[in-house]
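One structure is given below, encoded as structure tokens.
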Amino acid sequence: MSTEEPVPLYYDDLVLGDEHVAGTYTVTREAIIDFASEWDPQPFHIDEAAAQASFFGGLTACSAHIFSIFCITSQRWESGVVQMAVAGLGFDEMRMLRPVYAGDTLSCFTIVHALRESGSRPDCGIVTYRSELRNQRGEAVFSILATSMMARRQ
């Protein structure tokens with residue numbers, strides 16, 4: 001285990017167009033069923049026989065589950081930096097591009113899409129990331145534009 005302190009990443013450190021590789025997450029059968037049982041109990045999310053007979057041909061994660069996976073993996077940049085986020089401001093253009101099946105390992109890739117200084121908070125900047133979750137075959141399964149307010153260096 002590393003004893004190094006995480007490196008803070010501020011708004012001022014971001015460069016338009018930079019791509020950052022973030023975390024990965026392996027989707028299990030149990031996680032799909034547990035999540036969907038509470039939040040989206042469609043047969044193709046909670047019943048393996050029904051899922052096999054469905055359009056999808058197998059158990060698939062619901063969209064809320066996939067979005068939740070994005071939320072956790074997008075914060076885990078492989079570079080070890082910790083984003084100095086102040087607040088999430090919104091999500092746009094969220095797309096479910098392919099089904100996510102039990103056993104899929106999803107990786108998050110994020111590109112700095114837009115940067116602007118905050119008009120109301122001079123100690124912050126606004127960043128928009130274009131992000132994708134890709135499965136183990138490199139296929140994009142989810143995409144989104146995520147906008148956050150980030151602290152600036154003092």
Calculated Cα Rg over 2.2 N^0.38 Å (choose from (1) 1.12; (2) 1.02; (3) 1.17), label: (3)
- prompt: Magnitude of the Cβ-charge dipole of segment 47-154, K/R +1 and D/E -1, about the Cα centre, nearest 20 debye?
  reply: 400
Paramagnetic reach from ASP123 (point 7 Å along Cα→Cβ, amide N under 17 Å) across segment 4-21: 9-12
message: Take the chain, mark every one of the trypsin sites (Lys or Arg not before Pro) that falls in a DSSP loop and has at most 10 other Cβ within 10 Å, then report the longest stretch left between them, sites excluded.
response: 1-136
field: 222 nm mean residue ellipticity, helices alone, for the chain (DSSP H n ≥ 4; -39,500 (n - 2.57); rounded to 500)
entry: -5500 deg cm²/dmol
query: Where in segment 100-130 does the label zone of ARG29 land, with the point 7 angstrom along Cα→C-beta and an amide N cut-off under 17 Å?
result: 100-105
Share, in percent, of DSSP beta bridges within the chain that are antiparallel, nearest 5: 90
message: Taking amide H atoms as placed 1.01 Å from N in the peptide plane, list the residues 5 or more away in sequence, or in a different chain, whose amide H sits under 5 Å from that of GLY103.
response: VAL27, THR28, ARG29
- request: Restrict the search to segment 3-59; then list the chymotrypsin sites (Phe, Trp or Tyr not before Pro) that DSSP places in a loop and that have at most 16 other Cβ atoms within 10 Å of their Cβ.
  value: TYR10, PHE55, PHE56
- prompt: What full-extension length gain, to one decimal in nm, is calculated for TRP39 and ARG98 as 0.36 nm per residue of separation minus the Cα-Cα distance?
  reply: 19.3 nm
- prompt: Nearest 10 degrees, 0 to 90: what angle lies between the long axis of helix 29-39 and the longest principal axis of the chain (Cα atoms)?
  reply: 80
- prompt: Which Cα, out of ALA36, GLY88, ALA50, lies furthest along the positive dipole direction of segment 12-154 (beta carbon charges, K/R +1, D/E -1)?
  reply: GLY88
- request: Note the angle between two axes, namely the Cα long axis of helix 63-73 and the longest principal axis of the Cα atoms of the chain, as a number of degrees from 0 to 90, rounded to the nearest 10.
  value: 40
query: Which value, in debye to the nearest 20, describes the size of the charge dipole of segment 1-42 about its Cα centre when Lys and Arg Cβ atoms bear +1, Asp and Glu Cβ atoms bear -1, and nothing else is charged?
result: 220
message: What's the magnitude of the charge dipole for segment 1-87 around its Cα centre, counting Lys and Arg as +1 and Asp and Glu as -1 at the beta-carbon? Answer in Debye, nearest 20.
response: 240
task: Taking amide H positions as placed in the peptide plane 1.01 Å from N, state which residues far from SER118 in sequence (5 or more) or on other chains have amide H under 5 Å from it.
output: CYS124, GLY125, ILE126
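Coordinate-derived values only; no laboratory data. None of the values given here were measured: they were computed from a predicted structure. Here the Cβ is made from the backbone with ideal geometry for all residues, glycine too, and neighbour counts use every protein chain on show.
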